[in-house]
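Below is one structure, written out as structure tokens; comments come after it.
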2 protein chains.
Amino acid sequence: MAPTAETLTAERILEATEEVLRRHGPAKATVVDVARALGVSHGTVYRHFRTKAALREAVTKRWLDRTSEALAGIAAGDRAPEERLRAWFTGLFEAKRRKAGGDPELFATYSVLTGENGAAVGEHIDDLTAQLTRIVRAGTDSGAFTAADPAATARALFHATGRFHDPCYAGEWQQPGIEDEFTAVLDLLLRGLRA
Amino acid sequence: MAPTAETLTAERILEATEEVLRRHGPAKATVVDVARALGVSHGTVYRHFRTKAALREAVTKRWLDRTSEALAGIAAGDRAPEERLRAWFTGLFEAKRRKAGGDPELFATYSVLTGENGAAVGEHIDDLTAQLTRIVRAGTDSGAFTAADPAATARALFHATGRFHDPCYAGEWQQPGIEDEFTAVLDLLLRGLRA
DNA sequence: CAACTGACAGATTTCAATTTCTGTCAGTTG
DNA sequence: CAACTGACAGAAATTGAAATCTGTCAGTTG
């Protein structure tokens, strides 16, 4: 019972799927390609994932979870709430910008995948706003922020910064003035948040 | 020289183009269709618009300008700046929401057109942020707002409210909680803006 | 002579025939 | 007997030939 390279696990299939998506793009990546990459018949892939859509959704979730985990560290930190909020949004923007700019094709691929999987994206956003809510609540508890409903405020913050993390704006993330725009929006929001 | 129904003006061509777009959608609307609707040969349409792209751009500009004009009235009003700002954004959101919800196909058509005409959209956004800048400046002048750079602040306000006017979010404008989300974002921004 | 027509070349789109893919399952393998 | 294969039916994608469209321009019309 060798651990990784021998047995066919869901994890190995997801890795192969990611590789096939990277190579072929979202429109041409087939289950047959994934099976071929793994050296098995495509029927075998269907033992682990009921449909092609389920396989794509699982890949999408994995990708979204990686972003969540990176930010969870910042959200759980012990810095002052305002500083933490700023670091969190900066981290989110930087991560997105790096992914979109560094490998545009892969980013476009995942944009298609997230477009297909509204439910997974919804969960991811719930996850991120929950992190934000914790920071906002820390601020109201310490008296640094004023927010009657921390969860609603967290959602408002997330929506108001959409330009800097929503993939539909990815094309504008490489423009020159974008950093200043980001700072201007964040400053305005933080001013509104302070007690 | 009859005024409207006889002579072929650019205006009449634009009206016919709008009608053809409404009927056929952006993918199937052809210059030949427009010419047929006007009872002329398609060569004649090319006397008034050099290319099909130019014709589409002109239609797009007309549509965008209608929104600008409606809001210009609010921006130029004499109400208190905060109230005016709130009315302006509410007017923008309501107008978009009504268009998107009332005739989704036509809205989708114009979304395609705006996607094609980045330059025209850019001018439209410049126009809108100029209106916003005037309101913000009125606020800083009267002492109601604090904003070191009114133009930059206006842009920040526009970006932060993208969820409520950018067509890429049109699908979410009919969801139940959207009004509350809008109010939450606007409240937060106005709090940050107050002196 | 200004406004318009209609035929034309090259680019784009359509449509139907063909190929490939998805998802299933009876049968094979170790 | 659990994991896998591969043939199969229906769905979806691809391909290339035919139709349509874009943009031009010499010629027509009032």
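A few remarks follow.
Here is a yes/no grid of residues against (1) touching a strand residue (DSSP E or B) at 6+ places or on another chain (Cβ under 8 Å); (2) over 17 Å from residue B:190 (Cβ atoms); (3) away from chain A (no Cβ under 14 Å):
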| site | (1), (2), (3) |
| --- | --- |
| B:113 | no, yes, yes |
| B:126 | no, yes, no |
| B:138 | no, no, yes |
| B:145 | yes, no, no |
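- Extreme residue, most open to solvent (accessible area, probe 1.4 Å), among residues of region B:154-163 that are touching a residue at least 24 places away in the same chain (Cβ under 8 Å) and at the interface with chain A (Cβ under 7 Å from one of its Cβ atoms): B:155
- Restricting region B:164-186 to residues that are in contact with a Lys or Arg (Cβ under 9 Å, 6 or more places away or on another chain) and among the charged types (D, E, K, R), the residue that is nearest to the other protein chains (Cβ to nearest Cβ) is B:181.
- Total residues in region A:93-111, condition assigned to a helix (DSSP H, G or I), more than 13 Å from the chain's Cα centre (by Cα) and surrounded by fewer than 16 Cβ atoms within 10 Å (Cβ to Cβ): 5
- Residue under evaluation residue B:71, criteria (1) touching a residue at least 40 places away in the same chain (Cβ under 8 Å); (2) in the same structural domain as residue B:184 (by TED's automatic domain parsing); (3) open to solvent by 20 Å² or more (accessible area, probe 1.4 Å), criterion not met: (3)
- The criterion of being open to solvent by 40 Å² or more (accessible area, probe 1.4 Å), modelled with pLDDT under 95 and of a type in the set (A, V, I, L, M, F, W, C) does not hold for residue B:119.
- The conditions of being under 13 Å from residue B:184 (Cα atoms), touching a helix residue (DSSP H, G or I) at 6+ places or on another chain (Cβ under 9 Å) and open to solvent by 60 Å² or more (accessible area, probe 1.4 Å) are not met by residue A:134.
- Qualifying residue in region A:9-16 (condition: away from chain B (no Cβ under 14 Å), within 16 Å of DNA strand C (Cβ to nearest atom), touching an Asp or Glu at 6+ places or on another chain (Cβ under 7 Å) and hydrophobic (A, V, I, L, M, F, W, C)): no
- Boolean, residue B:167 is assigned by TED's automatic domain parsing to the domain that holds residue B:81, open to solvent by 30 Å² or more (accessible area, probe 1.4 Å), touching a helix residue (DSSP H, G or I) at 6+ places or on another chain (Cβ under 6 Å) and not aromatic (Phe, Trp, Tyr): yes
- For region A:21-31, taking the residues that are open to solvent by less than 70 Å² (accessible area, probe 1.4 Å) and free of Cβ contacts under 8 Å to residues at least 40 places away in the same chain, the one that is farthest from DNA strand C (Cβ to nearest atom) is identified as A:29.
- Sole residue being of a type in the set (Lys, Arg), open to solvent by less than 30 Å² (accessible area, probe 1.4 Å) and within 16 Å of DNA strand C (Cβ to nearest atom), chosen from A:56, A:50: A:56
- Residue match in region B:173-189 (condition: assigned to a loop (DSSP other than H, G, I, E, B) and open to solvent by less than 10 Å² (accessible area, probe 1.4 Å)): yes
- Filter result for residue A:151 (open to solvent by 20 Å² or more (accessible area, probe 1.4 Å) and either in a helix (DSSP H, G or I) or touching a residue at least 24 places away in the same chain (Cβ under 8 Å) (or both)): yes
The values are calculated or read from the model by the stated rules, or taken from the named source; none is laboratory data. Fair warning: this is a prediction, and the values are worked out from it, not measured in the lab. Positions of Cβ are generated from backbone atoms using ideal geometry, with glycine treated the same way; all protein chains shown enter the neighbour counts. Areas reflect the complete protein model, heavy atoms only, side chains present, ligands, DNA and RNA absent. Shrake-Rupley method; radii C 1.70, N 1.55, O 1.52, S 1.80 Å.
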